[in-house]
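Report on the following structure.
The values are calculated or read from the model by the stated rules, or taken from the named source; none is laboratory data. This structure is a prediction, so every number in the text was calculated from the model and none was measured. All Cβ positions, even for glycine, are placed from backbone atoms using ideal geometry, and neighbour counts span all protein chains on display. The protein model used for the area step is the full one, side chains on, heavy atoms only, and it has no ligands, DNA or RNA in it. Shrake-Rupley method; radii C 1.70, N 1.55, O 1.52, S 1.80 Å.
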Amino acid sequence: MVTLYRPGDGPWYRLPTGWKTALLLVVVLAVCLLPPTWWAAGVMAAVCVACYAVPGIGLRELGRQAWAARWIVVVTLAGQLIFLDPEHAVANAARVTTAITLAGLLTLTTPATELLDTVERAMQPLARLGLDPQRAALTLSVTLSTLPVLARLARDVREAQLARGGGRSLRHFAMPYLVMVLKHADELGDALAVRGVR
Amino acid sequence: MSGVELENVTVRLGDTDVLRDVTLSLRARTVAVVGENGSGKSTLARLLSGLAVAREGTVRVLGLDPARQVAELRRRVAVVFSNPDAQIVMPTVAEDVAFSLRTEKLSRQERTERVTAALGRFGLADLADRSSHDLSGGQKQLLALCGAFVRNPDLVVADEPTAYLDAPNARRVADHLLEDAAHRMVLVTHDLALARRCDVAVLVQDGAVTRVGAPDDVLAAYEASIRW
Ligand SMILES: Nc1ncnc2c1ncn2[C@@H]1O[C@H](COP(=O)(O)OP(=O)(O)OP(=O)(O)O)[C@@H](O)[C@H]1O
Ligand SMILES: [Mg+2]
């Protein structure tokens, strides 16, 4: 679900990372403050389209992002439909979708290193509270780049389970998966240490 | 120039001595470490990398004590492991290489230049902006090497760096490791042809170093010791 930087050109690429982050944050915030109505959902969709329909990005990419977020959207929508009327539910799901796709716009047009630098700078004031911005930013990025590995490990364990004639039992999945994840964490810790992280 | 000096070194993991009373003086540029599974090779590599500590004895790597001079050791010694996946820490190829330069005070431009040059050397220039986790196993291992070499280390410690690779990729990785004369090399390997290409070989058996010398002699002793 986490999209990665895709090199390109266009207004979103040229905007300095700090401003871009702030701008998208404001838009997402504004969208969240709209009342939960049909027309608000329409406005949110229009905002997404407007943000993506610029040179260098395109509506096809919006489709891809929305598709990648489909399960979150479905779960949100289904959950809300149980308790709320359709108008509320759709508007809330639209909020979530907008937030995800606009966040995707940021990661899509900004190299991770620059995003990290920005996070680091934004957290600088917290340094006085004893927080280490560099460490925090690093943790964030390692977490992001580890997600694909965790997904692949899950697939490996599942396939090994099926290959040995096991069914889809959670119990037989959880143990080996946990062991593999811990082993990976251990190895990753070593790799970080030897590359100068303390 | 000093290489690796071990004097009566014992390393204990859990409640067993995984390395016992090892004394070793290595001055050759490239050193192969061979031995059976579980004999203690990785532990030796971890000891030289500062990831395992000696319980007894003295360890000197490039004249440094890994237990006390970790920061300096990290600057001068690069380490490559066998699992390509567990060595990648950043989302894209170029960023992963740049990560190794994090602790060096470089301008953005200097950093980019160093990264670009390193990627070119390892044939990864075209993949610079690709997602690092989408690379093939061989490409990932080349990326791991690239991340190690971009810092211009004086010593590279590699623990079975070709274990997960097919023959052409293993060959490519081995060539990078052995042919660049700018650094020293300690190479743990089960690939005896690769071990033969080193200047000196070390045989580890059951936690002890039993032979040190010309690869041909050491490997002959190793093969003779294996009883079928
Ligand atoms: N964390 C640990 N705790 C206890 N014992 C360990 C630990 N790690 C390794 N060992 C034991 O230490 C011994 C040496 O392990 P080591 O990984 O150094 O062997 P190796 O020569 O690298 O083997 P291989 O060729 O299989 O990689 C083995 O018997 C192993 O079981
Ligand atoms: Mg080993």
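Does region B:59-73 hold any residues that are farther than 14 Å from residue B:7 by Cβ and either in contact (Cβ under 8 Å) with a residue 40 or more places away in the chain or part of a helix (DSSP H, G or I) (or both), and which are they?
B:62, B:70, B:71, B:72, B:73
Mind telling me which of the residues B:34, B:59, B:53 ends up being in contact with a helix residue (DSSP H, G or I) (Cβ under 8 Å, 6 or more places away or on another chain) and either within 16 Å of ligand 2 (Cβ to nearest atom) or within 19 Å of residue B:161 (Cα to Cα) (or both)?
B:34
Look at region B:187-217 and say how many of its residues are within 16 Å of ligand 2 (Cβ to nearest atom) and either over 26 Å from residue B:18 (Cα atoms) or touching a Ser or Thr at 6+ places or on another chain (Cβ under 8 Å) (or both).
Within region B:187-217, residues that are within 16 Å of ligand 2 (Cβ to nearest atom) and either over 26 Å from residue B:18 (Cα atoms) or touching a Ser or Thr at 6+ places or on another chain (Cβ under 8 Å) (or both) number 12.
Does any residue of region B:74-81 turn out to be closer than 23 Å to residue A:120 by Cβ, open to solvent by 60 Å² or more (accessible area, probe 1.4 Å) and either within 13 Å of chain A (Cβ to nearest Cβ) or of a type outside the set (Val, Ile, Thr) (or both)?
Yes, because at least one residue in region B:74-81 is closer than 23 Å to residue A:120 by Cβ, open to solvent by 60 Å² or more (accessible area, probe 1.4 Å) and either within 13 Å of chain A (Cβ to nearest Cβ) or of a type outside the set (Val, Ile, Thr) (or both).
Open to solvent by 60 Å² or more (accessible area, probe 1.4 Å), under 22 Å from residue B:84 (Cα atoms) and of a type in the set (A, V, I, L, M, F, W, C): is that true of residue B:128 in this structure? Reasoning before the result, please.
On the way: open to solvent by 60 Å² or more (accessible area, probe 1.4 Å): no; under 22 Å from residue B:84 (Cα atoms): yes; of a type in the set (A, V, I, L, M, F, W, C): yes.
Taking the combined requirement at face value, the residue does not satisfy it.
Give, as residue ranges, the helices (runs of 4 or more DSSP H) completely inside region A:18-90 that count at least 3 residues that are at pLDDT 90 or above.
A:38-52, A:59-68
If you go through region B:124-133 one residue at a time, do you hit one that is among the basic types (Lys, Arg), within 18 Å of the chain's Cα centre (by Cα) and within 11 Å of chain A (Cβ to nearest Cβ)?
Checked region B:124-133: no residue is among the basic types (Lys, Arg), within 18 Å of the chain's Cα centre (by Cα) and within 11 Å of chain A (Cβ to nearest Cβ).
Here is a list: B:219, B:177, B:194, B:165. Which entry is away from ligand 1 (no atom under 13 Å from the Cβ), surrounded by fewer than 21 Cβ atoms within 10 Å (Cβ to Cβ) and touching a residue at least 24 places away in the same chain (Cβ under 8 Å)? Spell out the reasoning first.
Values: B:177 fails: surrounded by fewer than 21 Cβ atoms within 10 Å (Cβ to Cβ); B:194 fails: surrounded by fewer than 21 Cβ atoms within 10 Å (Cβ to Cβ); B:165 fails: surrounded by fewer than 21 Cβ atoms within 10 Å (Cβ to Cβ).
Result of the check over B:219, B:177, B:194, B:165: B:219.
Under 26 Å from the mean Cα position of the chain (by Cα) and open to solvent by 60 Å² or more (accessible area, probe 1.4 Å): which single residue out of A:150, A:178 fits that description?
On the way: A:150 fails: open to solvent by 60 Å² or more (accessible area, probe 1.4 Å).
Unique residue meeting the criteria: A:178.
Give the number of residues within region B:49-66 that are more than 15 Å from the chain's Cα centre (by Cα) and open to solvent by 20 Å² or more (accessible area, probe 1.4 Å).
Residues meeting the conditions: 9.
Consider only pairs whose beta carbons are under 9 Å apart and that are at least six residues apart or on different chains; among these, list those whose first residue lies in region A:120-146 and is within 26 Å of residue A:188 (Cα to Cα) and whose second residue is among the hydroxyl-bearing types (Ser, Thr, Tyr).
Pairs that qualify, where the first residue is within 26 Å of residue A:188 (Cα to Cα) and the partner is among the hydroxyl-bearing types (Ser, Thr, Tyr), are A:137/A:118; A:141/A:113; A:144/A:107; A:145/B:92; A:145/B:131; A:145/B:132.
Restricting to region A:164-181, name every residue that is closer than 14 Å to residue A:154 by Cβ and not basic (Lys, Arg).
Selection gives A:170, A:172, A:173, A:174, A:175, A:176, A:177, A:178, A:179, A:180, A:181.
Restricting attention to region B:138-149, does a residue exist that is within 12 Å of another protein chain (Cβ to nearest Cβ), among the small types (Gly, Ala, Ser) and within 21 Å of residue A:147 (Cα to Cα)?
yes
Name the residues in region B:1-48 that are more than 14 Å from chain A (Cβ to nearest Cβ), open to solvent by less than 30 Å² (accessible area, probe 1.4 Å) and within 11 Å of ligand 1 (Cβ to nearest atom), would you?
Selection gives B:11, B:19, B:33, B:34, B:35, B:39, B:40, B:41, B:44.
Working carefully through the options A:69, A:112, A:99, find the one that is touching a strand residue (DSSP E or B) at 6+ places or on another chain (Cβ under 7 Å) and surrounded by 18 or more Cβ atoms within 10 Å (Cβ to Cβ).
A:112
Any residue at all in region B:94-105 that is within 16 Å of ligand 2 (Cβ to nearest atom) and either assigned to a loop (DSSP other than H, G, I, E, B) or out of contact with any Lys or Arg (no Cβ under 7 Å at 6 or more places or on another chain) (or both)? Full working, then the answer.
The initial filter retains those residues of region B:94-105 that are within 16 Å of ligand 2 (Cβ to nearest atom), namely none.
Checked region B:94-105: no residue is within 16 Å of ligand 2 (Cβ to nearest atom) and either assigned to a loop (DSSP other than H, G, I, E, B) or out of contact with any Lys or Arg (no Cβ under 7 Å at 6 or more places or on another chain) (or both).
Open to solvent by 80 Å² or more (accessible area, probe 1.4 Å) and away from chain B (no Cβ under 14 Å): does that describe residue A:140? Even if it seems obvious, please write down each step before you answer.
Values: open to solvent by 80 Å² or more (accessible area, probe 1.4 Å): yes; away from chain B (no Cβ under 14 Å): no.
No: the conditions fail for residue A:140.
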